[in-house]
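Peer 1: One structure, pasted below without further comment.
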Amino acid sequence: MWTRFLSPVTMASYAIIGGGIVGASVAYHLSCRTDADVTIYERQSPASETTYRSMAILGRTGNETMTEMKRYGLSLYNDFFSDPKANSRFDLTGSLAVATTSEGDAELEDSLKKESKTGLYTAGGKHEPVEYLPGDEITRTAIVPYLRTDDVEGTRYRPNKGFTRPQEVAYEFLERATENGVTVENNTAVEDVIVEDGAVTALETERGTEDVDHVVCTAGPWNVSLAEKVGLTLPVRHEPAPILQLEPDRSLPFTFPYTHHHESGIYFRGSHEGDIYVGKHDKSTTYEDVEQLDPDTVRDSVSIEFRDLATDVIETLYPFLLNADITEEWVGVGSRTPDRWPILGWTDVEGFSIAAFHSQGIQLAPIAGHIISRQIVDGEPTEYYEDVSISRFDGYSDTYSG
Ligand SMILES: Cc1cc2nc3c(=O)[nH]c(=O)nc-3n(C[C@H](O)[C@H](O)[C@H](O)COP(=O)(O)OP(=O)(O)OC[C@H]3O[C@@H](n4cnc5c(N)ncnc54)[C@H](O)[C@@H]3O)c2cc1C
C-alpha cells in the first residue's frame, strides 16, 4: 500500500495524449469498439488549442480517397447535429476563391479543368459542385453584396462549403465518449512516454506514472516533441496561422461567404456571432517552405506584414471592413506534412500511434478516430492504410506486418 501511495500506478489500457478534436474523436471511436479503459490526458482544458483557433471549414474537396475520408466525417457530423449534446452547429456559407490578376484567374480556371478531367466534380454526387465564373459573374450567381468586383478577374465558387464550431464539435465527441466510460484527465500534462524493449509500457504525467498498453498521440503541433520521447522523428513541420477578428460596423443581412483571395492567401470567414475572421492560408506553401516550431513560443500577436497584407486585400475585396473594429487577434500553429496528407496510426514503436495533419483536422478528425481505433483494437488496417501510414515516407516503418 505504501509503495503504491508513494509511486501511484493505475491501469489505463488506452491513453490518448491531447484533448483537442482529434483526441476526442479517437476516444469516442475507441469507446465504441472496446470496454477497456480509455483515458485522455490533456495538459489544459479540452479543445483549447489548435481546435479552438480553427476556421473549421467543412467540404468535400480532394481526390477520391480524400473525399471518401471526408464523407465519413460528414456522415458522423450529420448525426451529431441532428442530436446535439453540446452546442454544435453548422452554417452553409459557400466558398469563393477570388483572383485579381489574369494569371490567378487562369490558375483558377485551370484547376477546375483538372478536376473536370479526373471527373472529380461529376462523379455521381460524390464530390462537391464547383463552378468557375469569369469577371464579376459571381454577382449574378450568389449573394455577395459587399464584394467589390472592380479588380476581380474571376472566381471559383463551391456552394456546398460551410463552417462549424470546432470546440463544440470536440465537446460533442467528449460527451459521447464519457457516456461510454472514457475518462478525461484535464490539467494533466504528459511529460514522458516510457518504452521498454521497443514497446510502450507507461506514461509519466505531472501527477504520476500510469501503466498503459497503447498510447495515441493527438497533441496537435506538440506531436513532434512527444514523438521524440519515443525516439521518433516525425515528418511534420509548422506554419503560424494568424487571425484578426473584426467586428463590422453593421449587421450583415446575409450569410457571409468564405472568401479566399487566390494571389495573397488572405481569407475571410463569417461567424455565428456576426464577426468576420481574416486569416492567411497560402495553398502553395510546401513542407520545404516551413520549419519545425516549438508551439509554446508562438505568441498571439499577428505580424505587421500580415496586418498590412490583410488591409490591402480588404481594400481590394471588402472595403466595408475598413471601418470594422479589431476585437481580437491570435496565431494558430498549423501542422504540415511532406505530401499534404495526414499521418495516422501505427508507428514503428509498438503501442505508439500518431494522428498528425496537414491542416483539415476538423474535417478529418472523425475518420482519424475510425482508422486508429480499427488498428489498435482490431489489429486491422483500413482501406486508407497506404495513404495515411507513416510507412509511406522513406526511412519510416510501422509495426503492421500484414
Ligand atoms: C487558423 C487555422 C485554421 C484552420 N482551419 C481549418 C479548417 O477550415 N478546416 C479544418 O478541417 N481544419 C482547419 N485547421 C486545422 C485544424 O484546426 C487542426 O488540424 C485540428 O484542430 C487539430 O486538432 P488536434 O486535436 O490534432 O490538435 P489540438 O487542437 O492542438 O489539440 C492538441 C491538444 O494536445 C494538448 N497537449 C499538448 N501537449 C500535451 C502534453 N504533453 N500532455 C497533454 N496534453 C498535451 C494541447 O493542450 C491540446 O489541447 C485550421 C487550423 C488553424 C490553425
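The values are calculated or read from the model by the stated rules, or taken from the named source; none is laboratory data. Just so we're clear, the structure is a prediction, and the values are computed from it rather than from any experiment. Note: ideal-geometry Cβ built from the backbone for every residue, glycine included; neighbour counts use all protein chains shown. Areas reflect the complete protein model, heavy atoms only, side chains present, ligands, DNA and RNA absent. Shrake-Rupley method; radii C 1.70, N 1.55, O 1.52, S 1.80 Å.
Peer 1: Return the single residue from Ala97, Ala356, Ala24 with maximal mean-square fluctuation; model: Gaussian network over the chain, springs between Cα atoms under 10 Å.
Peer 2: Largest GNM mean-square fluctuation: Ala97.
Peer 1: Ordered by packing density, taken as the mean number of other Cβ atoms within 10 Å over each peptide's residues, highest first, how do 77-85, 341-349 rank?
Peer 2: Details: 77-85: 13.6, 341-349: 23.7.
For the peptides 77-85, 341-349, the packing ranking is 341-349, 77-85.
Peer 1: Moving on to the next point. Kindly write out, for the stretch 209-223 in residue order, the coupling ³J(HN,Hα) from the Karplus curve 6.51 cos²θ - 1.76 cosθ + 1.60 (θ = phi - 60°), rounded to whole Hz, with x marking Gly and Pro.
Peer 2: 9, 10, 6, 9, 8, 9, 10, 10, 8, 10, 9, x, x, 7, 3
Peer 1: Can you show me the helix-derived [θ] at 222 nm for the chain, built from DSSP H runs with n ≥ 4 at -39,500 (n - 2.57) apiece and divided by the number of residues, rounded to the nearest 500.
Peer 2: That calculation yields -8500 deg cm²/dmol at 222 nm.
Peer 1: Counting only residues 5 or more places away or on other chains, whose amide H sits under 5 Å from the amide H of Thr201 once H atoms are built in the peptide plane?
Peer 2: Excluding prolines and chain starts, which carry no amide H, the hits are Ile194, Val195, Glu196.
Peer 1: I've got another one for you. How large is the accessible surface per residue of the chain, computed with a 1.4 Å probe and reported in Å² as a whole number?
Peer 2: 44
Peer 1: Determine the alpha carbon to alpha carbon distance for each of Lys70/Lys229; Lys85/Lys229; Lys114/Lys280; Lys85/Lys280 and list only those over 27 Å.
Peer 2: As for pairs spanning more than 27 Å Cα to Cα, those are Lys70/Lys229; Lys85/Lys229; Lys85/Lys280.
Peer 1: Same structure again: State which helices in the chain qualify, where a helix is a whole DSSP H run, it must extend 15 Å or more along its own axis by its Cα atoms, and its mean Kyte-Doolittle hydropathy must be at least 0.0.
Peer 2: Those that pass (Cα extent of 15 Å or more, hydropathy at least 0.0) are 21-33, 304-317, 361-378.
Peer 1: Take the solvent-accessible surface of the protein heavy atoms, probe 1.4 Å, and return the percent of it on the stretch 273-345 that carbon and sulfur atoms account for.
Peer 2: The nonpolar share, carbon plus sulfur, comes to 45 percent.
Peer 1: With just the Cα atoms defining each centre, how far is the stretch 17-33 from the stretch 197-227? Give it in Å.
Peer 2: 15
Peer 1: Turning to a different aspect of this structure: Expressed as a rounded percentage, what relative contact order does the chain have, with Cα pairs under 8 Å and six or more residues apart?
Peer 2: Reported as a whole number, the value is 23 percent.
Peer 1: While we're on this one: So what are the ³J(HN,Hα) numbers for the stretch 379-385, from phi and the Karplus equation (6.51, -1.76, 1.60; θ = phi - 60°), rounded to whole Hz, Gly and Pro as x?
Peer 2: Values per residue, Gly and Pro as x: x, 10, x, 9, 5, 8, 3 Hz.
Peer 1: Sticking with this one: Under 5 Å between amide H atoms, partner at least 5 residues away or on a different chain: which partners does Glu128 have, H built in plane at 1.01 Å?
Peer 2: Residues meeting the amide H criterion: Arg60.
Peer 1: Oh, and also: Select from the stretch 354-402 those chymotrypsin sites (Phe, Trp or Tyr not before Pro) which occupy a DSSP coil region and have at most 14 other Cβ atoms within 10 Å, ordered by residue number.
Peer 2: Counting only loop positions with at most 14 other Cβ atoms within 10 Å, the chymotrypsin sites (Phe, Trp or Tyr not before Pro) in the stretch 354-402 are Phe393.
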